[in-house]
Amino acid sequence: MNKPAFDRFYRYAELTDLLNALAGAHPDLCAITSIGRSHEGREIWMATLTSAKTGPASDKPAFWVDANIHATEVSPSTCALYAIYKALSGYGSDAQLTRLLDTRALYIVPRANPDGAELFLDERHRRIRSSTRPYPLKERQDGLHLADIDGDGRILSMRVRDPNGPWKAHPDDARLLIARDPAGGDSGPFYRILPEGEIQNYDGVTIKLARPLEGLDLNRNFPVEWAIESEQPGAGPYPTSEPEVRAMVQFIVDHPNITGAITFHTYSGVYLRPYGTRADDTIATSDLWTMQEIGKTITKLTGYPAVSVFHDFKYHPKETIKGVFDDWLYDHLGVYAWTCELWSPQRMAGIDMKKPNGGGYRFMDWFRQHDVEDDLKLLKWQDEALGGRGFVAWQPFTHPQLGDVELGGWDAELMWRNPPSHLLEAEIAPHADVIFWHALISPELSFREFSAKRVGDSAWHLQAVVENTGWLPTSVSTRAAEKRLVQPLELLLSLPEGARLVSGELKTACGQLEGRALKLTMGVWGGSDASTDRVRVEWVLEAPAGATVTVTARHDRTGKTRATLTLVPS
Ligand SMILES: [Zn+2]
């Protein structure tokens, strides 16, 4: 099929059609199913990518991708669709992508929250955090509600003259507002800044920002360190209370072959890793090292830093973010999971987001406070790259409640919330390569040997050697092995008709096999490559010559691998 457009966002019906078209063009590689229904009853589509010729997805190590769980973060959906298209169209011509779909599976949910995205993308054009189910409020509160009051299709800011306002115009660029002198005595005019919107039950004096009726944040509803509303706004009445989250959690728990995951969000231009709630020194050291190694490749492929939420991405230094997707996957399932925040206008504008004197990056703290030079850089960038549409010059407007105001400021939707359309494909493309690479580092079982030697008239000595040929251990993480979040490797022998097992077990538990993940630098004092990636199992069998014996290696994370031999005298 022709390449779909990746410079735009898809409404739900279009997204459904595009997924079906992609699967229809590649029926041996892609199937579309629903993992459940949203609050409003929309199907939550998942594309399963793997080559059916080499076995079903459930028999292979798999990688999970979801996108757009937050309503207005729609560029992640386009990113997920791009990854689906790239994998399917590259199969057969690109060696890595062919190996990917021959040996692994991808489970990709391009729009985890279809109701919230539709509310944003259709003519209602509302901006809410997540799903459309009202919670915890039951009716609209008094106060200021976001709305496009001048009908220009944008929700900007309102600048209101106020002798006690905290802002004044920048002397060099009057569009920009800067803080007033703390000691006072500077000259106005001074302004108050509010989001564009209407005030319900305005008393003529006091303005409060109303909490939206749709107060849920689906990425606080996962069953890990979940907290009540007063401690974690948006978390819902109980973990997995929301149908979108419950569908994701149920699917992932039902598919222990998932070896890793990325949830795509916007924005900040960063990959975030566990934990949100705990410091790095609480993580099993080998897992921390592995996450850091994965992070290095992510940075190499995308230019995005890869950081801990706890150390580098807290909204407030004294508060942690609870009940999120990536923490749940690592904590409860022991697989590595990332939150990718696509897009960084600051990086486009050439702003250095590293903290001075080392010690990580500025993300949330940048929004709290940064030099005005950064704002000037951003203004200059959008003047050049967006033709000045990213920051709208202040225009007089008669507000229904406030009277004379000005509308203008950052067009957050065009500039901040998602990449503008002409920059969208370039921004999302490298992340498909992260998905493919991360899927390919999974554990993978293969039979190095399955042989039989005749040791008597109808007696045979069988030997099987299984190896983990993947980079990660079969458990994926030390946490999964130590906390028994994953079952051991099992070798299952199936006997031919008329055969009798003399020694050995039909089912042999083989523990976990190491990968190469911690082999990073060649040893100085001699090697230490003991064969911890390999296991040998033997049996003695009585069976007629010519019979066929099958052995299956079965593991939660890798699915099933089989080897067969025919008993012939050597
Ligand atoms: Zn988000």
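The values are calculated or read from the model by the stated rules, or taken from the named source; none is laboratory data. Computed from a predicted structure; not experimentally measured. Note: ideal-geometry Cβ built from the backbone for every residue, glycine included; neighbour counts use all protein chains shown. With ligands, DNA and RNA removed, areas are computed over all heavy atoms of the protein, side chains included. Shrake-Rupley method; radii C 1.70, N 1.55, O 1.52, S 1.80 Å.
Brief remarks on what is shown
- Across the stretch 445-566, the convex hull enclosing all Cα atoms gives 113 Å³ per residue.
- Listed by chain and number, the lysines placed with their C-alpha closer than 23 angstrom to that of Lys322 are Lys314, Lys483; residues fewer than eight positions away on the same chain are left out.
- Placing a label point 7 Å from the Cα of Lys453 along the Cα-to-Cβ line, the residues of the stretch 527-561 whose backbone N sits under 17 Å from it are 536-542.
- Computed label-point distance, nm, for sites Ala25 and Thr54 using a 7 Å Cα→Cβ extension: 2.2
- Label-zone membership for the stretch 282-325, site Arg347, 7 angstrom Cα→C-beta point, backbone N under 17 Å: 294-309, 312-313
- Computed over the chain, relative contact order equals 14 percent, with contacts defined as Cα pairs under 8 Å that lie 6+ residues apart.
- Full extension of the chain between Asp7 and Ala179 gives 58.2 nm of extra length, using 0.36 nm per residue less the Cα-Cα distance.
- Counting only protein chain heavy atoms and rolling a 1.4 Å probe, the accessible areas of Val535, Val270 rank, largest first, as Val535, Val270.
- DSSP bridge pairs, the chain: antiparallel proportion in percent, nearest 5: 75
- Extended-chain gain in nm, criterion 0.36 nm per residue less alpha-carbon gap, Ser446 and Glu319: 41.1 nm
- Of the residues Ala509, Thr564, Gly470, the one whose Cα sits farthest toward the positive end of the charge dipole of the stretch 445-566, with +1 on the Cβ of Lys and Arg and -1 on the Cβ of Asp and Glu, is Gly470.
- Carbon and sulfur %, accessible surface of the chain computed with the full protein complex present, 1.4 Å: 50
- Subset of Lys354/Lys380; Lys168/Lys208; Lys300/Lys380 violating a 23 Å alpha-carbon distance limit: Lys300/Lys380
- Centre separation in Å (Cα based) which lies between the stretch 190-265 and the stretch 465-531: 41
- Charge dipole magnitude, Cβ of K and R +1, D and E -1 - the stretch 445-566, Cα centre, debye nearest 20: 340
- If the segment from Val568 to Glu14 were pulled out straight at 0.36 nm per residue, it would be longer than the present Cα-Cα gap by 193.6 nm.
- Between Lys300 and Lys354, the simple spin-label model (points 7 angstrom out along Cα→Cβ) gives 1.9 nm.
- Karplus-derived 3J(HN,Hα), 6.51/-1.76/1.60, for each residue of the stretch 280-292, Hz, glycine and proline x: 4, 6, 8, 8, 3, 4, 5, 5, 4, 4, 5, 4, 5
- Backbone HN-Hα couplings from phi across the stretch 455-468 [Karplus 6.51/-1.76/1.60, Hz, Gly and Pro as x]: 10, x, 3, 10, 10, 9, 9, 9, 9, 10, 10, 10, 10, 8
- Shown here: the chain, whose C-alpha atoms stretch 104, 54, 45 Å along the first, second and third principal axes, sorted largest to smallest.
- Residues in the stretch 268-274 carry Karplus couplings, in order, of 2, x, 7, 9, 10, 10, x Hz; the curve used is 6.51 cos²θ - 1.76 cosθ + 1.60 with θ = phi - 60°, and Gly or Pro positions show x.
- Charge dipole magnitude, Cβ of K and R +1, D and E -1 - the stretch 505-554, Cα centre, debye nearest 20: 200
- Inter-label distance, nm, simple model (7 Å from Cα along the C-beta direction), Ala429/Arg211: 4.5
- Using the Cβ of Ile193 as centre and a radius below 13 Å, the other residues enclosed give a net charge of +3, where K and R count +1 and D and E count -1.
- The alpha-carbon of Lys53 sits under 24 angstrom from the alpha-carbons of these lysines, leaving out residues fewer than 8 places away in its chain: Lys86, Lys560.
- Förster radius 51 Å - calculated FRET efficiency between Leu506 and Ser528 (Cβ-Cβ, nearest 0.05): 0.90
- Rounded Å value of the spacing that divides the Cα centres of the stretch 356-381 and the stretch 89-133: 31
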